[in-house]
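See structure below.
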């Protein structure tokens with residue numbers, strides 16, 4: 001960065017009205033990888049509401065079918081309706097600071113690049129919470145029907161989980177896990193072993209896909225969603241997604257709700273010398289899993 005460039009950058013950074021114009025300046029950084037695809041809908045149904053709105057779910061029961069007996073007065077079933085009310089369940093907040101000298105020198109990058117990184121971190125946080133909640137919703141104690149241990153992941157364990165979800169909610173929507181946890185699928189998905197005769201049958205199409213791409217998009221009729229591991233930052237390099245769980249998610253097992261758009265705050269704190277520049281983003285969200293029997297958990301490590 002030459003002297004003239006630094007001087008121009010500093011002049012723009014000193015004026016709060018000009019800071020957003022710095023987005024036109026390209027600063028290269030080694031960014032942490034992020035989950036950029038909109039994959040929340042692969043886990044849960046999504047809904048957007050406004051702050052303060054109340055989610056009301058009505059559960060109706062009592063409508064029964066009885067055997068017709070000619071000439072009889074048949075029993076009537078009483079209809080009951082239960083309201084399930086839910087307000088905002090949680091919220092996330094990201095707030096960062098830098099002193100004025102760092103902002104003016106361009107050391108931390110442009111304001112828009114920082115905003116972009118904060119929004120990426122916000123998206124990552126939502127995915128982590130959803131995936132982690134689903135991966136830990138069942139264990140060997142609270143339900144042996146929706147939980148299994150398979151180290152490593154096997155075809156039999158995965159097929160059992162898919163069958164269970166299909167039975168519970170009608171359709172398995174996705175097999176979800178980190179790429180590391182799901183890696184054994186590339187070894188067994190191209191073959192079928194007959195349990196009676198021990199004959200091995202190959203699937204040429206699946207084998208070809210695995211060898212060409214290193215992955216498989218679908219198995220046993222269910223899409224495979226492999227999440228690339230997310231690291232907190234390039235220095236600490238701590239994984240943010242659990243590698244020891246594979247989740248099989250069914251249709252309509254719950255909802256993910258955002259309340260309003262992300263809200264931004266940006267200001268300068270003049271008391272320190274040099275002054276502090278701060279930027280913050282926050283949003284309210286809710287997550288409901290009301291058909292937990294539609295999630296199957298396999299511990300793979």
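For 285, 188, the sequence from fewest to most other C-beta atoms within 10 Å is 188, 285.
Diagonalising the gyration tensor over the Cα atoms of region 241-301 and scaling each eigenvalue by 5 before taking the square root yields semi-axes of 41, 18, 6 Å, largest first. With R₀ fixed at 51 Å, the C-beta to C-beta distance from residue 66 to residue 280 puts the FRET efficiency at about 0.25.
Multiply the residue gap between residue 188 and residue 270 by 0.36 nm, knock off their C-alpha separation, and tell me the result in nm, one decimal place.
Numbers: separation 82, 0.36 × 82 = 29.52 nm, distance 6.19 nm.
Separation in residues times 0.36 nm, less the Cα-Cα distance, equals 23.3 nm.
The tail of the calculated P(r) for region 52-141 beyond 16 Å holds 78 percent of all Cα-Cα pairs. For the pair residue 151 and residue 96, what calculated FRET efficiency results from E = 1/(1 + (r/R0)^6), where r is the Cβ-Cβ distance and R0 = 45 Å, to the nearest 0.05? Rounded to the nearest 0.05, the efficiency is 0.65. Legend: calculated FRET efficiency, residue 235 to residue 292, from the Cβ-Cβ distance at R0 = 35 Å, rounded to 0.05, equals 0.40.
Bear in mind these aren't lab numbers, they're just calculated from the coordinates by the rules spelled out. This one's a predicted model, so the numbers in the text were calculated from it and none came from an experiment. Please note: Cβ atoms are built from the backbone with ideal geometry, for glycine as well, and neighbour counts cover all protein chains shown.
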